[in-house]
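The values are calculated or read from the model by the stated rules, or taken from the named source; none is laboratory data. This one's a predicted model, so the numbers in the text were calculated from it and none came from an experiment. Glycine also receives a Cβ, built like all others from the backbone with ideal geometry; neighbour counts cover every protein chain displayed. SASA here: full protein model, heavy atoms, side chains in, ligands and nucleic acids out. Shrake-Rupley method; radii C 1.70, N 1.55, O 1.52, S 1.80 Å.
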Amino acid sequence: MEEFLNTSINGLSSGAIYALGAIGLSLVYGILKLVNFAHGDFMTLGGYVAFAVNVSAGMPLVVAFLAALVVVAALGVALEVAIWRPMRRKGAGVMQLLLLSIGLAFVIRNLILFQWSGATRSLDVDQFQAWNPFGDVVITRIQVIVIVTAGVVLVGVAVMLRSTLIGKSMRALSDSFDLAEVSGVNTRRIVLYTWVLAGSLAGLAGVLAAVYTTLTPNTGWFLLLSIFAAVVLGGIGNAYGALVGGIVLGLAQEWSTMVIQPTYKEAVGFVVLILVLLVRPQGIFGQARTL
Amino acid sequence: MDPLLALGFWAFVLTFAGIYAIFVLGLQLEVGDTGLINFGHVAFMAIGAYTMGLCLTNGVPIWLAVPLAVLAAAAAGVLLGIPTLRLRADYFAITTIAAGEILRITIQNEQGTTGGTQGLRGASGPWRDFNNDVLDWFEGIGLELDRRVPLLVLVWITALLVGALLVYLGRTPWRRALRAVRENEEAAAASGIPVFSYKLQSLALGSAIAGLAGVFYTLFSTTLFPENFEPIFTFVGFAILILGGIGSYFGVVVGSIVISFIVSGTRFLDFPLDADKVAALRFVVIGLIIMGMMAFRPQGIFGKKEELHLDA
């Protein structure tokens with residue numbers, strides 16, 4: 001039982017990070033038909049911005065969080081204006097945009113490597129403070145930060161998507177770009193808001209990943225495949241699905257360590273990804289029509 | 001740099017380019033001719049490399065190990081293709097990358113067989129002795145060669161043979177059927193082409209070619225590490241493919257030389273920067289090449305625009 005609770009806490013922590021990354025990836029895919037392979041590197045950038053603010057400049061963690069959010073959101077918007085919008089106007093195909101995003105991922109990752117080197121970094125957080133709420137169940141200060149921050153933000157995003165006009169417009173665009181446009185939605189503005197949301201969530205996920213584990217120029221890239229799995233699990237293009245998919249995947253990976261070697265837990269995510277695509281490609285929450 | 005050392009260095013760069021050329025020829029068959037965006041191509045190279053390495057470290061003779069490695073890679077292609085080839089292009093791409101990562105993580109964890117992160121040592125088996133015999137023979141007739149030259153020659157002969165095979169297949173109804181599948185699956189199916197079977201054949205042959213690249217990789221590096229087979233290897237392969245031109249075999253050769261030069265050849269030049277920073281900038285350049293090509297000339301240098309299908 002204690003093992004189950006401990007792995008659940010670990011799973012919720014990594015699942016929360018996946019979920020934050022997955023929502024943006026899924027919304028961008030749903031609305032723009034862009035499979036953004038640079039999304040993981042957006043997260044890495046968030047982590048390094050936080051590192052620069054928190055460690056290099058010695059400012060508090062909260063400031064680091066905000067800086068990462070702002071920088072990555074701004075990057076998302078800048079790339080939309082500089083690359084994605086002109087490419088869509090040219091009528092670029094899905095694979096063309098996908099390959100372009102791979103090139104972009106190379107550029108971002110290696111500029112990070114250029115600037116901050118490949119050394120493993122961590123943020124200024126107490127790594128060792130932990131509580132035992134009962135029995136042998138352990139929860140660390142870091143896990144509390146991750147779960148609480150991600151939990152608050154995820155609920156906020158879910159409410160935003162459900163109730164606000166911007167959120168509804170985003171979902172409408174994701175359902176059908178053309179129908180939303182003829183119904184009078186200002187698509188260009190909503191696309192920019194989508195990048196702001198996707199970018200800031202990716203930045204936040206990157207900082208939390210840096211807090212929870214460590215930070216290298218590959219951090220986001222390694223997380224990206226699991227995040228893809230979360231997106232597929234929740235139904236591609238479905239933002240709530242991505243949220244739940246991330247948490248389910250995080251739990252599944254950690255629970256798997258009770259039966260198989262922990263070093264295989266990443267592979268568990270990929271097996272889930274392949275099985276879902278083969279058996280239920282619309283995901284747990286997706287509907288067949290969205291394919 | 002000492003000229004003889006420089007010669008060895010260029011032999012190293014060009015051997016690497018030749019291995020990449022073989023690898024990307026397989027990718028070209030899948031991506032360029034059939035329209036299968038395979039992001040897990042490196043997995044089949046890993047299967048070829050580790051099959052070769054495990055055979056040679058266990059005393060299987062080279063002449064048997066090579067076909068076994070190629071067959072193992074082809075079989076893996078069929079095994080992956082049967083369930084996944086029915087998926088849409090972007091899902092297929094993500095599935096193949098995930099399958100490749102599962103394989104890599106497995107290799108990493110099964111230390112008992114593969115050496116895991118410690119590496120599979122002595123994977124090239126008797127190759128070194130054979131190589132020395134060849135060098136001695138040339139020395140006997142008064143030619144002193146760099147120790148990398150025999151492999152360099154062998155790799156490029158193989159690359160040209162694979163290229164010739166693909167060009168030959170290009171004149172047969174087989175590749176016309178593949179291209180029909182690429183152009184329009186429904187129309188191809190309606191004309192009586194068994195689409196699924198053709199895709200599977202393409203994936204099997206492409207994987208076999210990747211396996212062959214793996215065979216040479218084993219001879220080239222002598223110790224195999226799982227991190228040699230990360231997805232980035234495939235993506236650099238895509239950079240070669242995109243630069244040379246999707247659909248052009250000649251483009252593959254040019255692309256692999258150019259990209260290999262950027263990845264390892266620039267070590268030759270002296271930059272006023274740390275080695276790490278230069279390494280990072282190399283990959284920034286490769287990223288910019290991919291981006292620039294996709295934005296302004298998606299068909300690549302030697303590709304044909306009308307043959308390009310990137311709509312998924």
Check: When only C-alpha pairs under 8 Å and at least 6 residues apart count, what is the relative contact order of segment B:215-269, in percent?
Finding: 22
Margin query: How large is the Rg to Rh ratio of segment B:85-157 when both quantities use alpha carbon positions and Rh follows Kirkwood?
Written below: 1.25
Notebook entry, point to check: Roughly how many nanometres apart are two label points built 7 Å out from the Cα toward the Cβ at A:Val81 and A:Trp131?
Noted result: 4.5
Notebook entry, point to check: How much accessible surface does A:Ile142 have with a 1.4 Å probe, in Å² rounded to 10?
Noted result: 10
Checklist line | For segment A:1-91: rounded, prolate or oblate by the Cα gyration tensor [a/c cutoff 1.5] | finding: oblate
Check: Helix-derived [θ] at 222 nm for chain B: sum -39500 (n - 2.57) over DSSP H runs of at least 4, divide by residue count, nearest 500?
Finding: -24000 deg cm²/dmol
Next item on the list: Could you name every residue in segment B:88-110 that has 30 Å² or more less accessible surface in the full protein assembly than in its own chain alone (probe 1.4 Å, ligands and nucleic acids excluded)?
Entry: B:Arg88, B:Asp90, B:Tyr91, B:Ile94, B:Thr95, B:Ile97, B:Ala98, B:Glu101, B:Ile102, B:Ile105, B:Asn109
Notebook entry, point to check: Taking N as the number of residues in segment B:158-312, what is its alpha-carbon radius of gyration divided by 2.2 N^0.38 Å?
Noted result: 1.20
Checklist line | Degrees between helix B:173-183 axis and first principal axis of chain B (Cα, 0 to 90, nearest 10) | finding: 70
Check: Cα-Cα over 29 Å: which of A:Lys168/B:Lys305; A:Lys90/B:Lys304; A:Lys33/A:Lys168; A:Lys33/B:Lys199; A:Lys33/B:Lys277?
Finding: A:Lys168/B:Lys305; A:Lys33/B:Lys277
Item checked: Sites matching trypsin sites (Lys or Arg not before Pro) across segment B:117-211 that sit in DSSP coil, with at most 12 neighbouring C-beta atoms within 10 Å -> B:Arg121, B:Arg171
Notebook entry, point to check: In segment A:75-227, what percent of the accessible surface is made up of carbon and sulfur (1.4 Å probe, ligands and nucleic acids excluded)?
Noted result: 62
Note to self: Tell me the per residue accessible area of segment B:3-230 using a 1.4 Å probe; a whole number in Å² is fine.
What the structure shows: 41
Check: Using the alpha-carbon atoms, what tilt in degrees (0 to 90, nearest 10) does helix A:94-116 show relative to the longest principal axis of chain A?
Finding: 40
Margin query: Within segment A:177-219, name every residue whose backbone N is under 13 Å away from a label modeled 7 Å from Cα of A:Ile166 along the Cβ vector.
Written below: A:189-201
Item checked: Euclidean distance of C-alpha centroids, segment B:81-123 and segment A:176-228, integer Å -> 27
Notebook entry, point to check: What chymotrypsin sites (Phe, Trp or Tyr not before Pro) in segment A:67-167 are in a loop by DSSP, with at most 15 other Cβ atoms within 10 Å of the Cβ?
Noted result: A:Phe128, A:Phe134
Item checked: Gaussian network model of chain A, Cα within-10 Å springs - most flexible of A:Ala50, A:Ala22, A:Ala180 -> A:Ala180
Next item on the list: Compute the acute angle (0 to 90°) between the alpha-carbon long axis of helix B:89-109 and the principal axis of greatest extent of the alpha-carbon atoms of chain B; round to the nearest 10°.
Entry: 30
Next item on the list: Give the carbon-plus-sulfur fraction of the accessible surface of segment B:3-230 in %, rounded to a whole number; probe 1.4 Å, heavy atoms of protein chains only.
Entry: 65
Notebook entry, point to check: What accessible area per residue, rounded to a whole number of Å², is obtained for chain A using a probe radius of 1.4 Å?
Noted result: 39
Notebook entry, point to check: What spacing in nm lies between the two simple spin-label points modelled at A:Leu179 and A:Ala74, each 7 Å away from Cα in the Cβ direction?
Noted result: 3.8
Checklist line | Kirkwood Rh (inverse of mean 1/r, distinct Cα pairs), the protein assembly as shown, angstrom | finding: 25.2
Next item on the list: With a 1.4 Å probe on protein heavy atoms only, tell me which residues of segment A:102-121 lose at least 30 Å² of accessible surface in the complex relative to the chain by itself.
Entry: A:Ile102, A:Gly103, A:Phe106, A:Val107, A:Asn110, A:Phe114
Checklist line | Principal axis box of segment B:3-230, alpha-carbon based, largest edge first, Å | finding: 63, 41, 31
Notebook entry, point to check: Highest GNM mean-square fluctuation, chain A, Cα pairs closer than 10 Å: which of A:Thr149, A:Thr164, A:Thr213?
Noted result: A:Thr164
Checklist line | Computed helical MRE - 222 nm, chain A, DSSP H runs ≥ 4 contributing -39500 (n - 2.57), nearest 500 | finding: -24000 deg cm²/dmol
Item checked: Summed buried accessible surface, chains A and B, 1.4 Å probe, nearest 100 Å² -> 3800
Notebook entry, point to check: Among A:Val268, A:Val28, what's the order by accessible area (1.4 angstrom probe), most exposed first?
Noted result: A:Val268, A:Val28
Next item on the list: Note down the nm distance, to one decimal, between modelled labels 7 Å out along Cα→Cβ at B:Ser191 and at B:Val60.
Entry: 4.0
Notebook entry, point to check: Given chain A reduced to its alpha-carbon atoms as identical point scatterers, what log10 I(q)/I(0) does the Debye formula return at q = 0.07, 0.14, 0.16 Å⁻¹?
Noted result: -0.25, -1.01, -1.30
Next item on the list: Per residue of segment B:143-148, in order, report the coupling 6.51 cos²θ - 1.76 cosθ + 1.60 (Karplus, θ = phi - 60°) as ³J(HN,Hα) in whole Hz, putting x for Gly and Pro.
Entry: 10, 9, 9, 5, 5, 8
Next item on the list: Report the GluC sites (Glu not before Pro) located in segment B:144-243 that are in a DSSP loop and have at most 11 other Cβ atoms inside 10 Å of their Cβ, or state none.
Entry: B:Glu144
